[in-house]
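One structure is given here, and the rest of the page talks about it.
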Amino acid sequence: MANAPDRRQQLRDLNLRATAGESVFPVLPKTDSSLKKNTGFVKRIRTINSENAANVLSDVRTLSLEKYLSEIAVAYCEALLSVARNDDILPFLEVGLALHQRFGPAFVAPVLSSLVNFLGAKGSAEPLPRHKFVLKFVFSMHLVGLCTTLGDCSVEELSDSAAKLCKNHGQSPIILPLLKSMMAFELRRGHTLSVVASFVRYFKDVLVSPSQALLPENVHAQLLQLLTQYTAEIVKVLVQLRKDTALRKERLRKASIRTGKLLEDLQQDVDDAVELEAVFDSCATVLCEVADVVYPENKETGDLHEDQASASEENVLSVKQEWWDDAADRDFHQVIPSGEEVAAAVDPKSIANLRLNRLTEGECVVKFLTLLENAVSEQDILVCSVLVQKYVPYNKATRNKLLKFFSFESKKMDNVNIYARFLKINETFLAEVIECLTSALDQGFRSQIHHGRINFRTISFFVELVKFKLIPKHVVFHKIRRLTLDLAGTNNATILLIFYQDCGKFLLFEPEYLETTKDMLDLLQLRSKSASLSPDEKHVIRNMFSIVDSYVNPKNKEPVKEIVATPIQDFISQIIKILATPQYYHHAKNLYQQIDFINDVEAQEALFNVFQKPEALNLDNYELLARLLCSSGKKRKFLVARVVSALIEQVYRGLESCDYRNNSARTSQVKLLASFYNEKVIDFRIIVDLLFRIVCFGHPNNLPVPNSTCEVDKSTDYFRISMCCSILKRLNFGFVKNSQHFSGSVKSLEGFLMFLQYYSFCKMQPLPRDVKMLLDDVYTKFEETSFNDLDLANNFLDAATLLQAFTQRCSESTSSRAKASEAESANPQIDQSELASSDLESEISEAESEDSTDEDSDEETVNMDDLVVDSHSESDDGDSEDSESDSDQYESEMDEEDEEQQRMKQRMEALKVAEETKLISAMDKSIQELRQDASGSTKPTRSLRMPAPSSFATRNGNSSPTPLGMKLNFLSKSNKLREVNMPSNKQLEERILKEQQERRANQEKILSLVDQMN
């Protein structure tokens, strides 16, 4: 096309010379009239192009053609109407000009009439590309002088519409009436808009920089004026179309959010509007450039609130660097490798080692699903991606197994992000699986909303898929809207809190989600004022807005500094998080034991930091991690003590703060502690003390009662029950049964279950269905282990009665021990200091005896004493050389006192039994009186006696019990110095008096409760 203007000028000059009588296209004096050659010419003219145009022109000079002129004109027109390439305009033009110079109007008139008739018939059935070509060809004929007006047509051959057009504009330049007729046809529907735009684009050089030799100035002015008027009208239509499209999109958005699905009729309206707007937009760009009309910038983005969106986007630009938690999190969700990159990143040897060629198709699928279930890293999912795309048979059965795996079989919560990334990498290949999985998760969400249950895995998986943009927007916001509209009396507020906590930044900072998220937050703000919401639900909503506000309006927030892990920190993290799996545990253990934790403080801190975030560890590997932690022998036992102590402290802090946002982390903490017990890292006494602390913390005198006003444990808050059930469901009850802590005492497993049942009836009834199921699972697990049925209650009074019966049985079983203890108490040679020392030594000896029976001689059990770690005990191994130098002296002293320690142990046991008997007796009497009063008997004439809360949980709700008496250094059999709190006789008496005061206060509270029940 670069030489088109020059060639048109040459053709126009030749035509003017021919019109002046000059022979510019000489014909042979004697032309060939052969029938075969003349009819062959008629056939060749139907296929004119740049390659055969020279041969056709040669035939025009040598053949007679007069007898076949009408057939030639028809064939020429048919050929013009069958092509659409711009490159064919000049070849046709040259052939037409040659025939015009030879035969004059006899050839041009019928051809022009046929072309005008075609342009006048602008029905929707005609393909637009033909109109584009014909209009450009007619104007090209006009430029070279082949035709100038409609008067050059053969009037007899014109259609009615073309004849009318010729009558009204017969003497006007031919292009003006034809172009005007084309522009006016269904302008707002844009039916011929692309024809006009194609015409303007092709003749841009003529229209912008006119050549008077081709186009007279007056014709150019008229043409440009017509084009300017038309462009201005097109711009108006375009602006209106943008508004209409935005309205239709808004209507579709609201309807899809309301229904959770795309309505086909509304979607079709939007698609049609978008398509028409795109046509007007692309054509208006071309027209405005040539006609010198201002192109309207597209300020609309398909949303009626774009102005507000732009302002909001400006506000959040400053915090976009905090869009993701860190660069690794951002790349994990946004940097998705292509198929070639996936294949290049996987070592072929790793695929070959799987030996898939030796497996059947079914075995190959099972192998793939196993690898996918155990995937914990980026490399793992890349291997799985290669397998599913190249090696695993991908059929209907495989798709169903994948869907079943993601929806039901895999119960893990800590690797849903891995599964989501796997699906994103294979988004195209697994499109059907993703669609079905989205539908399954959608149904799961509907079930949760309808039944008021919480399935954390469904929520977490759904959120991760949202962050990878695998869930359609209307489905995402349909869930948020349904949760927001139904907050009262359900768990929807908690579900919504999890959603905004895990996905809030994504929804607020992604432009396509921003405005709808703002609408959802406005709706939430409106619903939060409802009088039907409970205080807890309003508290959750306040937390939710605090989270959202921290994302959008960070006040004086310093930019997050990227923390670069040191080599030793990264090494320890890799061992614990990645290598500590059933397949590679021995490798992890060997590497772990090579680390010098005793002398390397940085390694110690790195280890503690990893274990202080159990929510970031693989839940299925908790037992392996516990085994790994204590696999280094006694010299590094302080590591275990410090890790366990830190975890328990985290649980206590969680009880104090009672922050819903940390519920998932709090559950992981207690599950890890339960795994520590299963691996014999800690003693059951630590677990049972922790359980009692969880249910009693914050209550007056550490005793829960119905209608409690405890701020951190309200009667409508059931999370503590869930925490206790999480521990109990993970505990190995068989280990507890083999120990002396399964039943028979208040601080046994059975004793806590009876108290947990009592605690559950202190809550508002009925219990949520998921909490009730958790309790039933724990009770069933106990019954299956003990082979006896557990006494279960139907109401609070039944629970109190059953607790009374249990304490009575404990009293009877300990009566004989009490008598023996009283006999031993007459020994005047044992003072209180000896008793305390003996008891401490007995606990240590018991823990060490359990260690000696463990299968792994390097793994040790930590009892409660090991958790009281001060500066001396933590640095004990660091000062091992000094300790070893004095070890002989300590051992000799211990040998001399062995016999006395045995007597002290018996004396302490006697005192414990006596105190427990006294507490059990008080509990029995108090519950009996409570039961009688609630059943309608008269008020008691004497004060109601209840046991001190210390019999169920730690006395001090904020910290460990405060040591009383003087402090002595005690050397254990394992050559370790311990600081021992030794109560004097006076202090013991003060402690008993203090407990009696607490009992009296508790009695008054229970009497008040009984009065209310009466």
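Brief remarks on what is shown
- Matching option when the condition is among the hydroxyl-bearing types (Ser, Thr, Tyr) and either closer than 20 Å to Asn662 by Cα or surrounded by 19 or more Cβ atoms within 10 Å (Cβ to Cβ) (or both), among Ser739, Ser715: Ser715
- Across the range 407-431, the number of residues qualifying as assigned to a loop (DSSP other than H, G, I, E, B) and either outside the structural domain of Val463 (by TED's automatic domain parsing) or within 20 Å of Phe445 (Cβ to Cβ) (or both) comes to 4.
- Looking only at residues in the range 764-813 that are over 30 Å from Phe456 (Cα atoms) and among the aliphatic types (A, V, I, L, M), the one that is surrounded by the most Cβ atoms within 10 Å (Cβ to Cβ) is Ala799.
- Subset of the range 502-526 [surrounded by fewer than 18 Cβ atoms within 10 Å (Cβ to Cβ) and either touching a Gly at 6+ places or on another chain (Cβ under 7 Å) or closer than 24 Å to Asp717 by Cα (or both)]: Gln525
- Residue within the range 470-483 that is over 19 Å from Arg258 (Cβ atoms) and in a helix (DSSP H, G or I) present: no
- One residue alone among Leu165, Leu179 is crowded, with 20+ Cβ neighbours inside 10 Å and in contact with a Pro (Cβ under 7 Å, 6 or more places away or on another chain), and that residue is Leu165.
- When we screen Asp13, Asp59 for residues that are out of contact with any His (no Cβ under 7 Å at 6 or more places or on another chain), outside the structural domain of Leu214 (by TED's automatic domain parsing) and under 16 Å from Pro91 (Cβ atoms), the only hit is Asp59.
- Candidate set: the range 1-54, residues that are among the polar types (S, T, N, Q) and farther than 30 Å from Asp205 by Cβ; chosen: the one surrounded by the fewest Cβ atoms within 10 Å (Cβ to Cβ): Ser23
- Members of the range 376-395 found to be over 20 Å from Ser338 (Cβ atoms) and within 27 Å of the chain's Cα centre (by Cα), listed by number: Val376
- Helices (runs of 4 or more DSSP H) fully within the range 614-716 counting 3 or more residues that are among the basic types (Lys, Arg): 637-657
- Residue that is modelled with the lowest pLDDT [pool: residues in the range 997-1006 that are surrounded by fewer than 18 Cβ atoms within 10 Å (Cβ to Cβ) and more than 11 Å from Pro700 (Cα to Cα)]: Glu1004
- If you filter the range 119-156 down to residues that are assigned to a helix (DSSP H, G or I), hydrophobic (A, V, I, L, M, F, W, C) and farther than 24 Å from Leu215 by Cα, you find that the one that is modelled with the highest pLDDT is Val155.
- Criterion (modelled with pLDDT of 85 or more and on the phi > 0 side of the Ramachandran plot) met by exactly one of Phe787, Phe782, Phe796: Phe787
- Ala73 modelled with pLDDT under 90, touching a Pro at 6+ places or on another chain (Cβ under 6 Å) and small (Gly, Ala, Ser): no
- Hey, Lys538 modelled with pLDDT under 90, of a type in the set (D, E, K, R) and outside any helix (DSSP H, G or I) or not: no
- For the range 182-204, filtered to residues that are charged (D, E, K, R) and surrounded by 14 or more Cβ atoms within 10 Å (Cβ to Cβ), the residue that is farthest from the chain's Cα centre (by Cα) is Arg201.
- Residues of the range 744-763 include at least one that is of a type in the set (D, E, K, R), outside any helix (DSSP H, G or I), buried (at least 16 other Cβ atoms within 10 Å of the Cβ) and touching a residue at least 40 places away in the same chain (Cβ under 8 Å).
- Members of the range 661-712 that are among the hydroxyl-bearing types (Ser, Thr, Tyr), within 26 Å of Phe761 (Cβ to Cβ) and surrounded by 20 or more Cβ atoms within 10 Å (Cβ to Cβ): Thr667
- Leading residue by the ranking (surrounded by the most Cβ atoms within 10 Å (Cβ to Cβ)) among those in the range 261-277 that are closer than 15 Å to Ala246 by Cβ and touching a residue at least 12 places away in the same chain (Cβ under 8 Å): Glu277
- Some residue of the range 386-406 being over 23 Å from Glu464 (Cβ atoms), among the aliphatic types (A, V, I, L, M) and not in a loop (DSSP other than H, G, I, E, B): yes
- Number of residues in the range 549-605 that are under 20 Å from Ala616 (Cα atoms), loosely packed, with under 13 Cβ neighbours inside 10 Å, of a type outside the set (S, T, N, Q) and at pLDDT 80 or above equals 3.
- Among residues of the range 659-669, those that are farther than 16 Å from Asp620 by Cβ and free of Cβ contacts under 8 Å to residues at least 60 places away in the same chain, counted: 5
The values are calculated or read from the model by the stated rules, or taken from the named source; none is laboratory data. No experiment lies behind these values; they were computed from the predicted model shown. Positions of Cβ are backbone-derived with ideal geometry, glycine not excepted, and every protein chain shown enters the neighbour counts.
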